[in-house]
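Have a look at the structure below before the remarks.
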């Protein structure tokens, strides 16, 4: 049944994306920037609704009071595709720092360009960083929020954190508060795995890291805050009434946290 539901959700995801891209294109590209957000947010809600109905995956978000008004940097844990969809529902006017290959996808890339997303050229890190800071400054001047995933690529739940230093110059140059975001979405929408597991994804917006910290102190604080909260959400899921199937890395992490997992596991 899990496999069938997962395939049905994959089909629904594709159909929703294709239909809404075609259906809303005529006025999406004509709408002013802020009004145009209604289209990608409707798409995100549609996909998450399908995930809830078909795969049985709900979500709960807390800590929204930690989001300041106006420009800021939102730095999120990266475990799945869920956070790239869901977070735009709660951030006023985000511009996402993403790999440039996404901008090359026919149709989808045009939608991203319309919303002023900032692509990264991973082949030229120094040039990419300068371009990111320049583009981010322009977005910040418009009062927008910068959404970044400091680990760069999606990580399996429980894997050793791999925070890239690229966020540091963005933090120091823009002089903005940073809102860390932790979640456990990878338990239910895992990377490199088409299976979608039932349960409730928990996402937490954490207290702001104020601008002005020394570089090493900032990175240490950012990683500590996100990883500590992510561990708490992992533990809560493991101890819940209907715990998910745990990836082996998560089982190892739980053991290091003093909890012996006795449920089902997956690679």
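The values are calculated or read from the model by the stated rules, or taken from the named source; none is laboratory data. Computed from a prediction, not measured in an experiment: that's the story for all the values here. Glycine also receives a Cβ, built like all others from the backbone with ideal geometry; neighbour counts cover every protein chain displayed.
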Quiz prompt | Search result, residues across the stretch 47-60 that are surrounded by fewer than 17 Cβ atoms within 10 Å (Cβ to Cβ) and assigned to a helix (DSSP H, G or I) | solution = 49, 52, 53
Quiz prompt | Residue ID - surrounded by the most Cβ atoms within 10 Å (Cβ to Cβ), chosen from residues in the stretch 4-39 that are over 20 Å from residue 107 (Cβ atoms) and modelled with pLDDT of 95 or more | solution = 9
Exercise. Return a yes/no flag: does the stretch 200-215 have any residue that is surrounded by 14 or more Cβ atoms within 10 Å (Cβ to Cβ) and over 19 Å from the mean Cα position of the chain (by Cα).
Key: yes
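Matching residues to (1) modelled with pLDDT of 95 or more; (2) under 14 Å from the mean Cα position of the chain (by Cα); (3) surrounded by fewer than 19 Cβ atoms within 10 Å (Cβ to Cβ); (4) more than 11 Å from residue 77 (Cα to Cα):
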site	(1), (2), (3), (4)
131	no, no, yes, yes
135	no, no, yes, yes
138	no, no, yes, yes
148	yes, yes, no, no
152	no, yes, yes, no
164	no, no, yes, yes
173	no, no, yes, yes
180	yes, yes, no, no
183	yes, yes, no, no
Quiz item: What tally of residues in the stretch 99-129 results from selecting those that are out of contact with any helix residue (DSSP H, G or I) (no Cβ under 8 Å at 6 or more places or on another chain), surrounded by 12 or more Cβ atoms within 10 Å (Cβ to Cβ) and at pLDDT 80 or above?
Solution: 4
Quiz prompt | Subset of the stretch 213-244 (residues that are modelled with pLDDT of 95 or more and not in a helix (DSSP H, G or I)) | solution = 213, 214
Practice problem: For the stretch 61-84, indicate whether the set of residues that are at pLDDT below 95 and assigned to a helix (DSSP H, G or I) is non-empty. | Solution: yes
Practice problem: Considering (1) outside any loop (DSSP other than H, G, I, E, B); (2) under 20 Å from residue 245 (Cα atoms); (3) out of contact with any strand residue (DSSP E or B) (no Cβ under 9 Å at 6 or more places or on another chain), say which one residue 16 fails and leave the rest. | Solution: (2)
Quiz item: Checking residue 91 against (1) out of contact with any helix residue (DSSP H, G or I) (no Cβ under 6 Å at 6 or more places or on another chain); (2) surrounded by 15 or more Cβ atoms within 10 Å (Cβ to Cβ); (3) assigned to a helix (DSSP H, G or I), which test does it fail?
Solution: (3)
Quiz item: Is there a residue in the stretch 103-121 that is assigned to a loop (DSSP other than H, G, I, E, B) and closer than 30 Å to residue 255 by Cβ?
Solution: no
Quiz prompt | Residues that are within 30 Å of residue 138 (Cα to Cα), touching a residue at least 60 places away in the same chain (Cβ under 8 Å) and part of a loop (DSSP other than H, G, I, E, B), drawn from the stretch 174-193 | solution = 176, 177
